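Colleague: After the structure tokens below, expect a handful of questions from me.
The values are calculated or read from the model by the stated rules, or taken from the named source; none is laboratory data. All figures in this text were calculated on a predicted structure; none of them were measured in a lab. Here the Cβ positions follow ideal geometry from the backbone for every residue, glycine too, while neighbour counts run over all protein chains shown.
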């Protein structure tokens, strides 16, 4: 009779063993993914450089104009002054849409205001 009792006792699973075995059975179908530090950081936008405009029909005392990377990034319409060594100035306006084109690396050509009976074409070409 004692042998029968030992075999019954041997087949009994404790609560702890049952819990561990149940947890292992449940987790056997689970995939655990661990990602490394820094992998979740969002991509950064590239810094935009200043773009110098190419002034058509320029004078021996040339006009120069530059739209800054900060102005392109901000995206608000701007009025730029053609300066340089000339004795007069012109302005050129860039709209929000045109600044968006520059941000997307597309060239923009504008006509300046008229001063001293002439105007200039100005082309901004991103690198």
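Colleague: Counting just the residues of segment 96-113 that are on the phi < 0 side of the Ramachandran plot and in a loop (DSSP other than H, G, I, E, B), which one comes out surrounded by the most Cβ atoms within 10 Å (Cβ to Cβ)?
Modeller: Only one residue tops the list, namely 112.
Colleague: Here's a follow-up. Taking residue 44, is it surrounded by fewer than 11 Cβ atoms within 10 Å (Cβ to Cβ), at pLDDT below 85, at negative phi and assigned to a loop (DSSP other than H, G, I, E, B)?
Modeller: So residue 44 passes the test.
Colleague: Which residues, counting only those in segment 70-95, are crowded, with 17+ Cβ neighbours inside 10 Å and over 18 Å from residue 120 (Cβ atoms)?
Modeller: 71, 72
Colleague: Can you tell me which residues in segment 58-87 are in contact (Cβ under 8 Å) with a residue 24 or more places away in the chain and in a loop (DSSP other than H, G, I, E, B)?
Modeller: Residues satisfying the conditions are 58, 59, 61, 62, 65, 75, 85, 86, 87.
Colleague: Moving on. So which residues in segment 114-127 are exposed (fewer than 13 other Cβ atoms within 10 Å of the Cβ) and free of Cβ contacts under 8 Å to residues at least 40 places away in the same chain, if there are any at all?
Modeller: Across segment 114-127, the qualifying residues are 114, 116, 117.
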